[in-house]
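**Q** My structure is below; once you've seen it, I'll send some questions.
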Amino acid sequence: MGRKSKLDLDTRVETYRSSAHDILNEEFFARRAELVAKEILGMTMVRVLPNRSIIRARIHEVAAYEGMTNKTVDTINYPPGILGVSVRYGNNLIDIATRKKDSPSCITLIAGLFYTGKEPQLIQGPGRLARELGITKEFDKLPIYDNKQLWIERNTHYEGEVKKRRKVRTS
């Protein structure tokens, strides 16, 4: 069997993305972080790798952030639905801005359930999750709702975990 051409793979990815999958839009993220975090649980993150293979992971745990502190990252002020790749302890983290631009509010993806073999595998920890999905700083400031390499699809209800993390404003 011969190798598939890049055009064939691109067509497969575009067909997959434009099929009946309900991809989250910008308006979904233009709400309070806690609400977005609760509703995003169980939805599926889809990552298209450079070789055009597709990874799917069900979102299992999310942290919600509101407000500013002296340790707050810039990504919390991005417009809603914009990816922020922050770095903590040498690991990339996947943040998605919520609410509105310059209103400090975002979610951080913490854990995902990957379906790569017979048994689903739970990847826990925001750094491990980003590494498993191949998320690098090149994703910073890209919209997750209009992205051909990473997006989130709606699914049925799912019991995961939201960690609410309220930031207290500092002067």
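**Q** Which of (1) touching a residue at least 60 places away in the same chain (Cβ under 8 Å); (2) open to solvent by less than 30 Å² (accessible area, probe 1.4 Å); (3) touching an Asp or Glu at 6+ places or on another chain (Cβ under 8 Å) does VAL48 not meet, given it meets every other one?
**A** Going through the list (1) touching a residue at least 60 places away in the same chain (Cβ under 8 Å); (2) open to solvent by less than 30 Å² (accessible area, probe 1.4 Å); (3) touching an Asp or Glu at 6+ places or on another chain (Cβ under 8 Å), VAL48 breaks only (3).
**Q** Do we have any residue at all in the range 145-165 that's open to solvent by less than 70 Å² (accessible area, probe 1.4 Å), among the polar types (S, T, N, Q), modelled with pLDDT under 95 and not in a helix (DSSP H, G or I)?
**A** Looking for residues that are open to solvent by less than 70 Å² (accessible area, probe 1.4 Å), among the polar types (S, T, N, Q), modelled with pLDDT under 95 and not in a helix (DSSP H, G or I), one finds at least one in the range 145-165, hence yes.
**Q** Is it true that some residue in the range 85-92 is part of a loop (DSSP other than H, G, I, E, B), surrounded by fewer than 16 Cβ atoms within 10 Å (Cβ to Cβ), touching a residue at least 24 places away in the same chain (Cβ under 8 Å) and among the polar types (S, T, N, Q)?
**A** no
**Q** What single numbered condition from (1) open to solvent by less than 10 Å² (accessible area, probe 1.4 Å); (2) within 22 Å of ARG128 (Cβ to Cβ) fails to hold for ILE54?
**A** The failed condition is (1).
**Q** Same structure, new question: Looking at the range 93-119, which of its residues are over 22 Å from PHE29 (Cβ atoms) and either of a type in the set (Lys, Arg) or without any contact (Cβ under 8 Å) to a residue 40 or more places away in the chain (or both)?
**A** GLY117, LYS118, GLU119
For every residue, the table says whether it meets (1) within 26 Å of SER103 (Cβ to Cβ); (2) modelled with pLDDT of 90 or more; (3) out of contact with any His (no Cβ under 9 Å at 6 or more places or on another chain).
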site: SER18; (1), (2), (3): no, no, yes
site: LEU24; (1), (2), (3): yes, yes, yes
site: PHE29; (1), (2), (3): yes, yes, yes
site: ARG32; (1), (2), (3): yes, yes, yes
site: VAL36; (1), (2), (3): yes, yes, yes
site: GLU39; (1), (2), (3): yes, yes, yes
site: MET45; (1), (2), (3): yes, yes, yes
site: VAL48; (1), (2), (3): no, yes, yes
site: SER53; (1), (2), (3): no, no, yes
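**Q** Something else: Within the range 102-137, work out how many residues are farther than 17 Å from ASN92 by Cβ, outside any loop (DSSP other than H, G, I, E, B) and open to solvent by 50 Å² or more (accessible area, probe 1.4 Å).
**A** 2
**Q** A follow-up question, please. Which pairs do you get when a residue that is on the phi > 0 side of the Ramachandran plot and of a type outside the set (Val, Ile, Thr), found in the range 141-154, comes within reach of a residue that is at pLDDT below 95 and open to solvent by 10 Å² or more (accessible area, probe 1.4 Å), reach meaning Cβ atoms under 7 angstrom, with the pair 6+ apart or on two chains?
**A** LYS141/TYR78
The values are calculated or read from the model by the stated rules, or taken from the named source; none is laboratory data. Note that the structure is predicted; figures quoted are calculated from it, not measured. Note: ideal-geometry Cβ built from the backbone for every residue, glycine included; neighbour counts use all protein chains shown. Keep in mind that these areas ignore ligands, DNA and RNA; they rest on the heavy atoms of the full protein, side chains included. Shrake-Rupley method; radii C 1.70, N 1.55, O 1.52, S 1.80 Å.
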